[in-house]
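J.: One structure follows; several queries about it will come next.
The values are calculated or read from the model by the stated rules, or taken from the named source; none is laboratory data. Fair warning: this is a prediction, and the values are worked out from it, not measured in the lab. Glycine gets a Cβ as well: all are built from the backbone with ideal geometry, and neighbour counts include every protein chain shown. Accessible surface is based on the protein model in full, side chains and every heavy atom, while ligands, DNA and RNA are left aside. Shrake-Rupley method; radii C 1.70, N 1.55, O 1.52, S 1.80 Å.
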Amino acid sequence: MDCSGRLSKAGLSLLVLVQMLVVAFPAIAEPPAGYSFLRYDEGLRRATDENRPVFLYFGRYGCGFCDKTNKESFSDAAVKKAYSENYVLVYANSESMDRMVLPSGERITEMQLGERMNTLGTPVFFFLEPDGKEILKVYGFQDAKQLLEMDRYIQGGNYANVSFKDFKRTH
Amino acid sequence: MRGQYFFQMVLSSILLLTGVCVAGNVPITVTHTVDKSVFIQLASPGRKNIAASNKQVGVVWEEIRNGKATVFAAFKRAGEPGFNKPTPLSKGDAYSPVIAYCGDLFYLSWIEEGSIKVMLADNGQPGDILPPAESTNVNELSIGCGANSALIAYSTGNSNKSVVYATQVKPNKGRLEAENSVPVAPVESFRFQTNPGIVLNKGRIVVTWHDRSSGTNLLYATSGKTLQSLSDTVQINELIKKSHEWGSGSSAVSNVLSNGPKDRLVVVWLDKRASRSGYKVYSAFSHNGGLTWGDNYKVSDEWGDIVPAWTPAIASDGNKQLSVLWMDKREDDNALWISHLAGLSWSQDKAFQSGDTEPHSPAIAYSPDGRFHAAWIQKGANGTQLVYLETEF
């Protein structure tokens, strides 16, 4: 356990330079541009009011595959139309300590939500009933075709009778 | 080695099936009311929600009703069967309660309506409240022991800027006095400082925190003989970056900090090193009061690699014992797992608590006599309960 790692002044200067570059090219821990993503608690309330399913996207700062999904998949016009029209869109930062009040009256952080939903990594996408009950959970980068396939599975009500794995095999 | 792991799996399975803790003791309930509309939170940076002397143990927590929380404290004297009636500490909306046993005194602190409150608990009862200056818009709060004082680190700000400050609180002629707070790092370089920890080690005040200004959450430390002479910032976690598709690299969150045996300083955190795996429990050691830190060592064993770990807590008696407790679902259901520092390495994970009660959100402490104290939240018949267990290793 040798000691190491103290930043010299030159190192700190380099760090500041890197951070200036980061400000110019910020790391993505945000939902894709052009969509109306809500916080989890706000989304659940709206989903209940409108009786619509929830699409929940867990990301984090520094998540390269979240960035890739945002740029390559959510930029697709068909995806944007389907997801904007069919779901209440919810985004959660899996490392955020921001507190929110659930419909039950409980107050938790976004990271605690990730713990409860057992989010193994990011990105992870959930489809939820309006009351928050989980329908489908999918990990990792998804291209536009896969996102549209998931939409058909949910909107067609297929999840009541067949697993997503079997649905993909037969459609 | 396979036989060794197989034996451990069998032993762990037996413990899980029987739903008992390692030491066989039965947890007792701290909270008196169980109500489905009341939610209990045992959470704070550093998970400093429990502290113990040889004579008594104190626990602090939140009870949330309709989205608003009240902070409570309860104490149990050694040898008595249960805790006294919980005492509400806050009047306004409150969160992040912490407690520390420093120099024969129990210090309690929490955030109420965005400001810090500090008090001494005398004979198990809360004393006067002190609002340290400059503490507004406070989001997080942690506590540690100084030289006949309590050290407090807290973060203030919003999603655009967050700064960690530190202060020191000590009694003087029956009253608590607080030093002026100081920022622990330049906000020009570290714009999103969160989740502070604070401790006194080898005569130096050491503050740890996370910052994501580089694009991902990293773990840093600053230290000094006084709060006015804090050192340059040191990065503790090793950044794993594989390619541009992996983004800004691995992430370190939820650090917890403690002095350990032989005056070693130990920080433990959740580290996410790959997209397809969850957070693992990692550690690093400092031998010079936080000026420099050694390599990163994984605390949780290979059986924990298959699932994400959550809410690590750390405690030491400062003499022989240093333990880390966390929650993971390697056996599908919530279980609390513990690892002890054994020389220069960590022991294999042992099931500390499991079963149908779905334990989570642990906080731990050692009393100076080496007794181990743990509190956590579990499912009761009509809602969540805060429970406590005392044992020895």
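J.: Out of the residues in the stretch A:74-98 meeting the condition of being within 13 Å of the chain's Cα centre (by Cα) and of a type in the set (S, T, N, Q), tell me which one is farthest from residue A:154 (Cα to Cα).
T.: Applying the filter and picking the extreme gives A:96.
J.: Residue by residue through the stretch A:43-85, note down the ones that are part of a helix (DSSP H, G or I), under 22 Å from residue A:134 (Cβ atoms), within 13 Å of chain B (Cβ to nearest Cβ) and not hydroxyl-bearing (Ser, Thr, Tyr).
T.: A:45, A:65, A:66, listed by residue number.
J.: Here is a further query. Go through B:221, B:252 for me and flag whichever is within 11 Å of chain A (Cβ to nearest Cβ), within 21 Å of residue B:161 (Cβ to Cβ), in contact with a Ser or Thr (Cβ under 7 Å, 6 or more places away or on another chain) and touching a residue at least 40 places away in the same chain (Cβ under 8 Å).
T.: B:221
J.: Which members of the stretch B:353-393 meet the condition of being surrounded by fewer than 19 Cβ atoms within 10 Å (Cβ to Cβ) and touching a Cys at 6+ places or on another chain (Cβ under 9 Å)?
T.: First pass over the stretch B:353-393, keeping only residues surrounded by fewer than 19 Cβ atoms within 10 Å (Cβ to Cβ): B:356, B:358, B:368-371, B:379-383, B:390-393.
Hit for the stretch B:353-393 is B:391, nothing else.
Residue by residue, here is whether (1) free of Cβ contacts under 8 Å to residues at least 40 places away in the same chain; (2) of a type in the set (A, V, I, L, M) holds:
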| site | (1), (2) |
| --- | --- |
| A:74 | no, no |
| A:86 | no, no |
| A:91 | no, no |
| A:96 | yes, no |
| A:99 | yes, no |
| A:104 | yes, no |
| A:107 | yes, no |
| A:112 | yes, no |
| A:120 | yes, yes |
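J.: Surrounded by fewer than 24 Cβ atoms within 10 Å (Cβ to Cβ), touching a strand residue (DSSP E or B) at 6+ places or on another chain (Cβ under 9 Å), within 13 Å of chain A (Cβ to nearest Cβ) and over 24 Å from residue B:264 (Cα atoms), is that true of residue B:175?
T.: Taking the combined requirement at face value, the residue does not satisfy it.
J.: Say whether the condition of being away from chain B (no Cβ under 11 Å), assigned to a strand (DSSP E or B) and in contact with a strand residue (DSSP E or B) (Cβ under 9 Å, 6 or more places away or on another chain) is met by at least one residue in the stretch A:91-111.
T.: Yes: the stretch A:91-111 contains one or more residues that are away from chain B (no Cβ under 11 Å), assigned to a strand (DSSP E or B) and in contact with a strand residue (DSSP E or B) (Cβ under 9 Å, 6 or more places away or on another chain).
Table: residues versus (1) without any contact (Cβ under 8 Å) to a residue 60 or more places away in the chain; (2) within 13 Å of chain A (Cβ to nearest Cβ).
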{"position": "B:269", "(1), (2)": "yes, yes"}
{"position": "B:277", "(1), (2)": "yes, yes"}
{"position": "B:309", "(1), (2)": "yes, yes"}
{"position": "B:315", "(1), (2)": "yes, no"}
{"position": "B:325", "(1), (2)": "yes, no"}
{"position": "B:339", "(1), (2)": "yes, no"}
{"position": "B:342", "(1), (2)": "yes, no"}
{"position": "B:348", "(1), (2)": "no, no"}
{"position": "B:355", "(1), (2)": "no, no"}
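J.: Report yes if some residue within the stretch B:357-376 is in contact with a Pro (Cβ under 7 Å, 6 or more places away or on another chain) and within 14 Å of chain A (Cβ to nearest Cβ); otherwise report no.
T.: yes
J.: Go through the stretch B:149-172 and report how many residues are assigned to a loop (DSSP other than H, G, I, E, B) and open to solvent by 80 Å² or more (accessible area, probe 1.4 Å). Spell out how you get there, then give the answer.
T.: Looking only at the stretch B:149-172, we keep the residues that are assigned to a loop (DSSP other than H, G, I, E, B), and these are B:149, B:159-160.
Remaining after also requiring open to solvent by 80 Å² or more (accessible area, probe 1.4 Å): B:159-160.
Final tally of qualifying residues: 2.
J.: Tell me which residues, restricted to the stretch B:122-140, are open to solvent by 10 Å² or more (accessible area, probe 1.4 Å) and either modelled with pLDDT of 95 or more or assigned to a strand (DSSP E or B) (or both).
T.: Hits for the stretch B:122-140 are B:122, B:125, B:126, B:127, B:128, B:129, B:130, B:139, B:140.
J.: Restricting to the stretch B:293-320, what's the tally of residues that are part of a loop (DSSP other than H, G, I, E, B) and farther than 15 Å from residue B:345 by Cβ?
T.: Number of matching residues: 6.
J.: Another question, then. Looking at the stretch A:164-171, can you tell me whether even one residue there is touching an Asp or Glu at 6+ places or on another chain (Cβ under 8 Å), modelled with pLDDT under 95, open to solvent by 40 Å² or more (accessible area, probe 1.4 Å) and part of a helix (DSSP H, G or I)?
T.: yes
J.: Enumerate the strands (runs of 3 or more DSSP E) found wholly within the stretch B:325-391, keeping only those where 3 or more residues are of a type in the set (Ser, Thr, Tyr).
T.: Strands (runs of 3 or more DSSP E) meeting the threshold: B:383-391.
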